[in-house]
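Please treat every number below as a calculation from the coordinates, not as lab data. Keep in mind the model is a prediction, meaning the values are calculated, not measured. Cβ sites come from the backbone with ideal geometry, for glycine too, and all protein chains shown count toward neighbours.
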Amino acid sequence: MKISANHLEPIDWRSFSPENSSQDAHYKIIGVDEVGRGCLAGPVYAAAVSFNSDILSNLVTDSKLLSEKRREELAKEIQHHHQVGIGFATVEEIDEINILQASLLAMRRAVESLGAISGHVLIDGNKKIPGMSTKFQQTPIVKGDLRVSLISAASIVAKVTRDQLMKELALSYPQYGFEAHKGYSTAAHKASISAHGPCLVHRKTFAGVKEHLSL
């Protein structure tokens with residue numbers, strides 16, 4: 001299916017089901033998205049979601065458009081009613097292979113953690129995931145987190161999962177305010193790096209961090 005990037009019309013995830021999907025009980029339609037790509041600190045996380053029913057399929061949108069409370073509520077419901085896989089790439093992997101490749105790696109790990117044998121993976125963005133089994137078709141969808149409920153669900157779970165980790169890291173590194181900005185490049189975060197120098201969970205190859213490594 002050719003996906004237009006010029007419009008934000010919703011796309012029904014069911015339209016990606018093969019005509020003979022009933023012949024393969026293991027075939028799954030999977031939405032995947034990552035979060036934390038633009039951060040200065042912390043790992044990049046991804047979630048993969050496969051719906052078991054229509055529950056919540058019309059109630060989700062891009063995680064960035066929801067309040068923190070609403071995201072947390074929906075993430076719990078999504079994980080309760082549907083199949084969810086989580087993957088991440090570490091700060092060390094980000095610095096070694098670059099953030100794009102680390103994001104794709106996190107997405108592959110998220111899909112693999114679902115335990116699916118075959119299916120069709122719907123990916124937010126314009127890149128396919130390297131290293132995926134040939135038993136999975138892949139369709140990148142620009143603005144997929146706004147257009148495909150499966151990808152929206154994945155974006156919500158990924159965001160909530162990563163935010164929780166950053167709140168936990170804030171306990172070990174209170175001087176950086178991770179609980180507030182979650183590692184993103186805010187003025188307060190950059191000021192804290194300038195004042196204290198980077199910590200172990202900062203991305204050493206990123207502008208805003210690397211120039212302060214001597215501290």
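Okay, here's what the table says:
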item	result
Distant-in-sequence amide H partners of ALA41 (H built 1.01 Å from N, under 5 Å)	ARG203
In nm, spacing of pseudo-spin labels at LYS167 and SER118 (7 Å Cα→C-beta vector)	4.2
Those lysines that a straight Cα-Cα span of less than 30 Å connects to LYS135, excepting residues fewer than 8 apart in one chain	LYS2, LYS28, LYS76, LYS127, LYS143, LYS159
Max mean-square fluctuation residue, GNM over the chain, Cα-Cα springs under 10 Å, options ILE55, ILE156, ILE78	ILE55
12 Å beta-carbon shell around VAL148, net charge (K/R +1, D/E -1)	-3
Highest-fluctuation residue, GLY87, GLY131, GLY115 considered, GNM on the chain with Cα pairs under 10 Å	GLY131
GNM result for the chain, Cα springs below 10 Å: residue of LEU150, LEU104, LEU169 fluctuating most strongly	LEU169
